[in-house]
Amino acid sequence: MRFHLSLAALAIVAVAACSDGNENGMTAPPTDRTYDQIERLGNPLTSEVFLAKRNHGFHNSGSPNTDAANHGAELRGFVRNVGGRSETVANTIASVLLPDMLIVQTDKPGSGAGWLTWALANGYGGRKLTDDVVDAGLAAIFGPLLSTQNVTMPLTTDNVNANDKTFGTTFPYLATPH
């Protein structure tokens, strides 16, 4: 009888040890996930400045592949009408900011990243945490960054010259929220 119980226990262990592709109790992630897109702020000025408040929800629920068609005219109109800039400046800014997404190119040196560099620096997109994207955006819209014609100098800075918290030294590098 003892032999049969030992054999039965061994059979149970052997069956349990058989692999079904689920080693260590891990399973593949579900493929039927549903995600809710809440906010799109690849370039902060795109929706926060250029688009009317009533259009923020439409922009947030949209997809980057429809940005130029859905928001290009409004963005260019802001640059021309509010910024008083030329069609060329408006088109340049629209081509940089739409689609509203950040481009990560790991084949480019990290030391050269900066806002608006996609159009101005050999196709390099992205930005460093220390880049002052608001000042760069204001300089592009109202200042001499893209054109020296029709410049509104007092509107080219937000007067914030440094981060108020130190960045971390490990990923994700952001300062703690406050």
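Since every read-out is calculated from the coordinates, none of them should be taken as a lab result. The model shown is predicted, which means the values in this text are computed figures rather than measured ones. Reconstructed Cβ throughout: ideal geometry from the backbone, glycine too, with neighbour counts over all protein chains shown.
For the pair Leu102 and Lys53, a Förster radius of 41 Å applied to the C-beta separation gives a FRET efficiency near 0.95, rounded to the nearest 0.05.
Between Tyr173 and Asn81, the FRET efficiency estimated from the beta carbon spacing at R0 = 45 angstrom works out to 0.75.
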